[in-house]
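Below: one structure, written as structure tokens.
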Amino acid sequence: MLAVIQRVKESSVTVDKKIVGKIGKGLLVLLGVSNEDTPEDADYLANKIMNLRIFEDDNGKMNISLLETGGEMLVVSQFTLLGDCKKGRRPSFINAAKPERANELYEYFIETVLKHGITTKSGKFQAMMDVSLVNDGPVTLIVESK
């Protein structure tokens, strides 16, 4: 699994002109699922992201995790993260999981985060989405399960 995470002051996702997920301070997670990913990958990634110390403490140092801040998470499925651009001019998505499997692990990831008490919202799987965010920092990181 591959995730691009952005620390945000707020973020939302809109489908067909309707907001389907909206958060305040927290993390926007763009999540890509590969053919080889398992529930263990989702567990690893969820725990890594929730515990990353990327929020500022009273001294302005990135020293506090999402779990500690009580912040929120917005998770958006993003198969294009698995696009291989090494050859030619059009990305190959051969490494991206098939939709049924990708959705299963996407939902599992969200459930894992919810079990830890984090308010979690999501986009709509396989929908054309408009994602809005106000970056905080900006802080943007890439996290992989393998």
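Assessment of the range 54-70 against the conditions (touching a residue at least 40 places away in the same chain (Cβ under 8 Å) and within 17 Å of residue 145 (Cα to Cα)) yields no matching residue.
Is it the case that the range 20-39 has a residue that's more than 12 Å from the chain's Cα centre (by Cα), hydrophobic (A, V, I, L, M, F, W, C) and surrounded by fewer than 14 Cβ atoms within 10 Å (Cβ to Cβ)? Looking through the range 20-39, none of the residues is more than 12 Å from the chain's Cα centre (by Cα), hydrophobic (A, V, I, L, M, F, W, C) and surrounded by fewer than 14 Cβ atoms within 10 Å (Cβ to Cβ). Can we say residue 33 is under 21 Å from residue 119 (Cβ atoms) and among the aliphatic types (A, V, I, L, M)? No, not satisfied. Could you please tell me which pairs satisfy a Cβ distance under 7 Å, a separation of 6+ or placement on different chains, a first residue in the range 83-111 that is part of a loop (DSSP other than H, G, I, E, B), and a second residue that is surrounded by 14 or more Cβ atoms within 10 Å (Cβ to Cβ) and polar (S, T, N, Q)? Sorted first by the residue in the range 83-111, then by its partner, the pairs are 95/34; 97/34. Remark: pairs (first residue in the range 1-24, in a loop (DSSP other than H, G, I, E, B); second residue among the β-branched types (Val, Ile, Thr); Cβ separation under 8 Å; 6+ apart in sequence or on different chains) = 1/33. Which residues, taken from the range 25-45, are of a type in the set (A, V, I, L, M, F, W, C) and either more than 13 Å from residue 144 (Cβ to Cβ) or in a strand (DSSP E or B) (or both)? Listed by number, the residues that qualify are 27, 28, 29, 30, 31.
In the range 80-89, the count of residues that are surrounded by 14 or more Cβ atoms within 10 Å (Cβ to Cβ), at pLDDT 95 or above and farther than 24 Å from residue 14 by Cβ is zero. Looking only at the range 133-144, decide whether some residue is over 19 Å from residue 8 (Cβ atoms) and modelled with pLDDT of 95 or more. So far as the range 133-144 goes, yes, one or more of its residues are over 19 Å from residue 8 (Cβ atoms) and modelled with pLDDT of 95 or more. Residues in the range 114-141 that are over 13 Å from the mean Cα position of the chain (by Cα), assigned to a strand (DSSP E or B), closer than 26 Å to residue 18 by Cα and of a type outside the set (A, V, I, L, M): 130, 132, 135, 136. Has the range 89-96 got any residue that is of a type outside the set (Phe, Trp, Tyr) and within 16 Å of the chain's Cα centre (by Cα)? There is at least one residue in the range 89-96 that is of a type outside the set (Phe, Trp, Tyr) and within 16 Å of the chain's Cα centre (by Cα). Would you mind stating whether residue 48 is over 17 Å from residue 3 (Cβ atoms) and either out of contact with any helix residue (DSSP H, G or I) (no Cβ under 8 Å at 6 or more places or on another chain) or surrounded by fewer than 20 Cβ atoms within 10 Å (Cβ to Cβ) (or both)? So residue 48 does not fit the description; no.
Under the condition of being under 16 Å from residue 139 (Cβ atoms), out of contact with any helix residue (DSSP H, G or I) (no Cβ under 8 Å at 6 or more places or on another chain) and among the polar types (S, T, N, Q), the residues counted in the range 53-97 number 2.
The values are calculated or read from the model by the stated rules, or taken from the named source; none is laboratory data. Every value quoted in this text rests on a predicted model; they were computed, and no experiment measured them. Cβ sites come from the backbone with ideal geometry, for glycine too, and all protein chains shown count toward neighbours.
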